[in-house]
Amino acid sequence: MGVIGFYFRKAHTLFRKEVLVLPSRIVVFVFMISLLLLPVFTQDPYLLRILILTNIFAILAASWDLLSGFTGQMNFGHALFFGVAAYCTGILNLRLDMPPYVSIPLGAMGAVLAGLVVGIPCLRLRGTYLALTTLSFPIILLGLVFAIPDVTGGELGISGIDRLSSSRLGDFYITSVLMLGLGFIMWKITDSNTGIILHAIREDEVAVRASGINTTRYKLLAFCLSGFFAGIAGGLYAHVMRTAGPSTLEVALSFQIVIWAVFGGMVSIYGPVAGVFILFPLLEFLRFLPKVRMLAFAVIVLVTLLYMPQGLAPWLRDKVEKECPRCKIRNVALRKSCRVCTADLD
Amino acid sequence: MIQNIIINGLINGSVYALLAIGFSLVFGVARIVNIAHTAFYMLAAYFIYIGFHYFGMSPYVAMPISIMAVGLLAILCYKIFIKPIREHEAAVLIATIALAMVIQESLLIGFGGHYLGVPPLVSGYATIVGVKVTNQHILALVVALLSLLGVRFFLMKTRLGLALRATAQDREVANLMGMNESMVAMLTMGISVMLAALSGAIVVPLFVLDPHMWMHPLTMMLAIVVLGGLGSIKGSFVGAYILAFAEVLVVFLIPMGAYLKGSVALSIMILVLLIRPEGLFGVAFEEER
């Protein structure tokens with residue numbers, strides 16, 4: 001009893017001192033709770049389906065942020081990882097009868113391999129060259145997919161993949177928990193030593209190399225990590241949609257990922273997640289105006305960029321919080337002095 | 001088949017060269033990666049279609065008007081959407097992608113996904129070394145080559161061309177020498193999009209129009225500029241013909257080649273980048289790569 005009480009009190013203190021002090025953390029906490037409790041209030045299959053896909057794409061957008069936002073390796077072909085994993089998962093599941101909990105990690109390993117294959121030629125490139133080269137990989141693969149319809153099913157793709165779980169509610173919980181868990185892991189990675197090195201590579205690669213760090217290894221690591229998380233998203237997508245088709249490799253999907261992430265706010269992990277959770281359901285709810293929905297989507301993105309070029313989440317965060325000039329810890333905008341070092345804010 | 005390969009290779013190559021040179025110019029001068037470049041090319045083609053079918057204009061009138069209109073529209077878009085966020089490289093990329101989507105979706109709403117066409121300007125065919133070639137193809141080739149010559153003349157012999165090249169070499173120094181950098185950037189945007197519109201006008205009687213026709217030229221154009229070296233005009237020119245011939249050869253000689261044409265072009269690009277990362281005629285941007 002005493003032990004449980006101790007951990008309970010510890011968790012409570014941690015919650016009060018680390019979560020409740022910042023509005024952005026409260027928002028994230030409320031978001032997590034409400035996402036997990038949503039099925040208690042409504043089990044509308046259409047809504048659940050939208051949220052399942054939103055969860056999957058949130059993982060995908062966050063994994064893009066890990067590579068392109070934090071490491072600065074502008075990847076315009078992120079659909080490659082998604083598509084490779086979706087096809088691998090589909091083929092493993094159909095041909096070898098593997099259950100989802102085996103096929104999805106194996107599919108993600110396929111995406112990691114793709115990350116290695118893409119990463120090695122891309123190590124020598126930077127900036128726009130890198131963006132354009134990465135853009136070309138999914139197009140090359142798409143050509144191959146069409147050229148060998150025996151294995152890949154050509155334009156129709158692979159269909160008849162097993163369901164992720166027996167019910168839609170199960171799918172929802174699996175994707176939600178995975179999204180929150182993987183998002184948390186990615187956020188922790190960016191906060192770790194490795195994450196700081198990745199961040200430094202983005203700022204000044206030469207300086208990092210001069211500090212005795214093998215930047216090549218870290219860039220490859222970023223490609224593989226990002227590929228792994230994107231691959232899990234791809235595998236989940238294949239099992240939820242029960243098909244893996246050429247649409248998972250399209251240029252449009254790569255662009256979509258970039259739009260979500262930049263709209264939500266790069267270099268933050270939670271930004272892309274927020275971007276997907278705003279834009280993807282919005283696109284679905286605009287379905288009653290089928291003709292103008294993509295137009296409205298593009299216009300919203302354009303206008304948002306005009307007023308907040310950093311993205312939505314950092315813009316909102318800077319409105320309600322400010323950084324302590326001395327110890328760089330974030331504080332509520334209302335405070336006069338820093339909550340840790342008591343230095344005067346502003 | 002040989003003559004098909006040569007004619008199609010030359011025409012595609014010239015069109016790609018016009019597109020890639022425009023893209024290269026605006027990247028070199030203003031550091032804008034304009035994904036919407038080929039969307040403007042498509043828009044020009046549609047404007048000609050509108051002028052021809054709805055207003056009964058002769059194509060000779062519709063073409064210059066639509067090229068000017070697209071150029072002005074591009075300058076307007078640049079002023080409103082791109083200029084305020086030019087410092088944020090990623091944001092500019094997204095803005096141009098969104099712009100391309102706006103154009104594509106507007107056309108989809110206006111015309112649906114149907115395939116449309118404009119009749120050829122000239123009919124009949126000529127016989128060259130025992131091979132029948134339609135006059136329209138010859139006209140397209142001649143116009144494309146003349147426009148390429150015109151671009152070279154403009155860049156090398158006029159004062160504005162000099163300003164463009166100077167800004168591409170070094171923005172800050174060009175600014176110090178009294179060139180209005182933001183003005184040059186705006187004009188470059190207009191000129192490059194007008195080149196795209198011109199290539200749209202050239203292909204309009206040869207190709208069918210549909211609202212997704214900008215995707216394939218986009219990938220080809222990106223492959224070409226990377227192959228030739230970003231910002232290098234000569235590189236774009238040579239790269240365009242190399243990749244256009246590669247594309248046409250693949251389509252004609254390999255079974256299922258139509259699916260693989262983009263793959264082959266892009267694989268060539270990646271191979272070149274592996275062997276020579278700065279591209280065929282890579283220029284100054286050593287530190288930016």
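All of the numbers you see were taken from the coordinates with simple rules; none came from a lab. Model, not experiment: these values are computed from the prediction. Here the Cβ positions follow ideal geometry from the backbone for every residue, glycine too, while neighbour counts run over all protein chains shown.
Observations, loosely collected:
- Each residue in A:Thr243, A:Thr13, A:Thr89, A:Thr128 was given a count of other beta-carbon atoms within 10 angstrom of its own, and listing them fewest first yields A:Thr13, A:Thr243, A:Thr128, A:Thr89.
- Peptide B:266-275, shielding by other chains (average Cβ, 10 Å cutoff): 4
- Orientation-averaged projected area, Cα convex hull of the protein assembly as shown (nm²): 33.4
- For A:Ile257, B:Ile270, B:Ile5, B:Ile94, order by how many other beta-carbon atoms lie within 10 Å, fewest first: B:Ile5, B:Ile270, B:Ile94, A:Ile257
- Residues A:Ser176, B:Ser106, A:Ser68 arranged by fewest to most Cβ contacts within 10 Å: B:Ser106, A:Ser176, A:Ser68
- Net charge of neighbours whose Cβ lies under 15 Å from the Cβ of A:Ile91, counting Lys and Arg as +1 and Asp and Glu as -1: -1
- Most mobile of B:Leu209, B:Leu274, B:Leu107 in a GNM of chain B (Cα contacts under 10 Å): B:Leu274
- Choice from B:Leu271, B:Leu121, B:Leu198 with maximal GNM fluctuation in chain B (Cα, 10 Å cutoff): B:Leu271
- Net +/- balance of residues flanking B:Thr219 in space, Cβ distance below 11 Å, scoring K and R +1, D and E -1: 0
- Estimated FRET transfer efficiency when R0 is 30 angstrom, pair B:Lys157-B:Met177 (beta carbons, to 0.05): 0.95
- Close amide-amide hydrogen proximity is noted between A:Glu321 and A:Ala333, each under 5 Å apart and 5 or more residues distant or on a separate chain (H modeled in the peptide plane; Pro and chain starts excluded).
- The listed peptides A:192-205, A:299-312, A:107-120, ordered by packing as a protection proxy, come out as A:107-120, A:299-312, A:192-205 (highest mean of other Cβ atoms within 10 Å first).
- Computed over chain A: relative contact order in percent, which uses C-alpha pairs under 8 Å that are six or more apart: 27
- Relative contact order of chain B, defined on C-alpha pairs under 8 angstrom at six or more residues apart (%): 34
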